[in-house]
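*Asks:* Right, I'll just put the structure down here and ask away after.
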Amino acid sequence: EAPAAAPAEPSGEAATYGATGAEAGRVLLRARADTWIQVRERSSGSVLFNRVLRPGETYRVPERSGLLMTTGNAGGLEVLVEGDALPSLGGPGVVRRDLPLEPAALRQAVAALPR
C-alpha cells in the first residue's frame, strides 16, 4: 500500500496572478476569504481570468479599458486602486456582476453599490 502523500510545505508567500511589470495596472484584487472572480472583456466577452482566489492571493488587473469583473463573494474581496482600499463590495456571499475595472469607473461603481 502506498504511503500517504506528505502535505505540501506552505511557501509562506501567497500567489499573485495577472499582469506584471509595465502591464500591471492600478487596480489590485486581494482575497480575504475564498473568493471566485472572473475578469472578462466587455467587447468580446473573452475571459482573461476565472478562478477562486484563496486568502492572501492577489490578481493584478491589466492596464486595459473595457474589462469587467464578476465575483461570487463580495465580502471576501479587497479592491485597491492606486494603493487605496475601496469600500467593501458587499457582504460575504454577495454576488457582484460586471463591475468596470478602469480606476475611475470602478471607484464610482463601488461608491454607488447598495450598502
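*Asks:* Which whole-Hz ³J(HN,Hα) couplings does the range 76-90 yield from phi under the Karplus relation 6.51 cos²θ - 1.76 cosθ + 1.60, θ = phi - 60°, glycine and proline marked x?
*Replies:* Rounded to whole hertz, the list is x, 10, 9, 10, 10, 10, 6, x, 9, 6, 7, x, 4, 6, x.
*Asks:* Then there's this: If you average the alpha carbon positions of the range 96-115 and of the range 59-83, how far apart do those two centres end up, in angstrom?
*Replies:* 9 Å
*Asks:* Which one, 69, 81, 58, projects farthest toward the positive side of the charge dipole computed for the range 39-99 from Cβ point charges (K/R +1, D/E -1)?
*Replies:* Checked the options; the winner is 69.
*Asks:* With each label point set 7 Å from Cα along the Cα-Cβ vector, what nm distance links residue 78 and residue 23?
*Replies:* With each label placed 7 Å out from Cα toward Cβ, I get 2.5 nm.
*Asks:* Can I ask one more? Could you report the range 39-115's accessible area per residue, 1.4 Å probe, as an integer in Å²?
*Replies:* Value for the range 39-115: 49 Å² per residue.
*Asks:* Still on this structure: From the phi of every residue in the range 34-39, what ³J(HN,Hα) in whole Hz does the Karplus formula 6.51 cos²θ - 1.76 cosθ + 1.60 yield, where θ is phi - 60° and glycine or proline is x?
*Replies:* In residue order, the calculated couplings are 3, 9, 7, 10, 10, 10 Hz.
*Asks:* Further question on the same structure: Quick query: amide H of residue 24 versus all other amide H atoms, modeled in the peptide plane; which residues come in under 5 Å with a sequence gap of 5 or more or a different chain?
*Replies:* It is none; the list stays empty.
*Asks:* Tell me, what is the percent relative contact order of the chain, built from C-alpha pairs under 8 Å that lie six or more residues apart?
*Replies:* Once normalised by length, the contact order is 25 percent.
*Asks:* Of all DSSP beta bridges located in the chain, what percent are antiparallel, nearest 5?
*Replies:* Just about 90 percent of them are antiparallel.
*Asks:* What residues have an amide H closer than 5 Å to that of residue 53, excluding those fewer than 5 places away on the same chain, when H is modeled at 1.01 Å from N in the peptide plane?
*Replies:* Residues meeting the criterion, in which the H sits 1.01 Å from N, are 35, 36, 37.
*Asks:* Report the residues of the range 85-111 in range of a label on residue 42: point 7 Å along Cα→C-beta, backbone N strictly under 13 Å from it.
*Replies:* Backbone N within reach: 98-109.
*Asks:* Out of the total accessible area of the range 66-115 (probe 1.4 Å, heavy atoms of protein only), what percent is carbon and sulfur?
*Replies:* On the range 66-115, the fraction of accessible area on carbon and sulfur atoms equals 56 percent.
*Asks:* Moving on to the next point. Cα-based Rg (one decimal) and Dmax (whole number) for the range 3-115, in Å?
*Replies:* 14.7, 55
*Asks:* Per-residue HN-Hα couplings for the range 96-109, Karplus 6.51 cos²θ - 1.76 cosθ + 1.60 at θ = phi - 60°, whole Hz, x for Gly and Pro?
*Replies:* Calculated HN-Hα couplings, in order: 10, 10, 6, 6, x, 10, 6, x, 5, 5, 5, 4, 5, 5 Hz.
*Asks:* A further question on this structure: Distance from a point 7 Å along Cα→Cβ of residue 95 to each backbone N in the range 19-43: keep the residues under 14 Å and list them by number.
*Replies:* Only 36-38 fall inside the zone, counting backbone N under 14 Å.
The values are calculated or read from the model by the stated rules, or taken from the named source; none is laboratory data. Keep in mind it's a predicted model, so treat the numbers as computed, not measured. Backbone-built Cβ (ideal geometry, glycine too); neighbour counts: all protein chains shown. Keep in mind that these areas ignore ligands, DNA and RNA; they rest on the heavy atoms of the full protein, side chains included. Shrake-Rupley method; radii C 1.70, N 1.55, O 1.52, S 1.80 Å.
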